[in-house]
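Following: one structure in structure tokens, then a few remarks.
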Amino acid sequence: MTTPLPSFGKRLKRLRRVKGLKQETIAALANVNQATVSRWESGAIAPPQETMQRLLRALDQIPFMDSALQRLVHTSSLPVHLITDVDHRLLAASIPRQRMWGIAENAMLQTSLWKFATTDIVAAESRLGAVGWWEQEAPEPVLVHLRSPQTEGLHIHAGTMLWERVWLANGLPARLCTSLECHA
């Protein structure tokens with residue numbers, strides 16, 4: 001089983017607001033009442049993992065259309081990739097990143113990379129709420145230190161990665177993930 005994404009309530013609230021939806025709309029999608037959605041967003045309770053994934057997928061159905069941003073990522077000489085901030089779906093990856101992973105981008109597009117998260121990535125993701133990542137439009141970039149490499153699925157090297165918030169043309173938040181140093 002994949003580790004649940006932390007800060008579900010804050011993710012849901014940001015996505016709901018970006019889409020201009022009311023809590024009642026989310027409640028109808030999840031077949032719960034508005035008070036339950038309010039408690040999810042505040043972090044007082046969390047829905048079952050299946051409900052989380054179903055809601056995030058339903059709310060994030062707008063296709064990736066940012067060809068200029070995609071081209072910039074593809075042509076970067078650095079190992080860099082772009083994911084949705086909500087559920088870590090891959091939107092683009094540079095050639096150096098694809099080489100590092102050992103997998104071609106087209107085999108992974110629109111796939112959530114969360115299932116490949118190392119313990120260091122899970123820990124860094126869990127700390128995002130404390131630095132205001134979910135509340136701020138332009139949060140400070142976050143340095144992530146990857147001490148434990150992974151070789152199953154995606155090859156993730158030890159080193160330092162920079163996470164930066166970017167906004168897609170469709171109004172959704174995304175994350176640019178750049179490896180600043182790698183230790184193979």
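What follows draws every value from the coordinates through simple rules; no lab data is involved. None of these values were measured; they are calculated from a predicted model. We place every Cβ from the backbone using ideal geometry, glycine too, and count neighbours over all the protein chains shown.
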Cα-based Rg of the chain normalised by 2.2 N^0.38 Å, two decimals: 1.03
Amide H within-cut-off set for residue 111, under 5 Å, with H built and near neighbours excluded: 90
Listed peptides 157-164, 138-145, 86-93 by packing density, highest first (mean Cβ within 10 Å): 86-93, 157-164, 138-145
Calculated log₁₀ intensity ratio I(q)/I(0) where the Debye formula runs over C-alpha points of the range 76-116, q = 0.17, 0.23 Å⁻¹: -0.38, -0.69
Positive-end residue, the range 8-59 charge dipole about Cα centroid, Cβ charges, pick of 40, 28, 56: 56
Cβ charges +1 (Lys, Arg) and -1 (Asp, Glu), total dipole of the range 16-161, debye: 160
Average Cα contact separation per residue, the chain, under 8 Å, 6 or more apart, as relative contact order %: 20
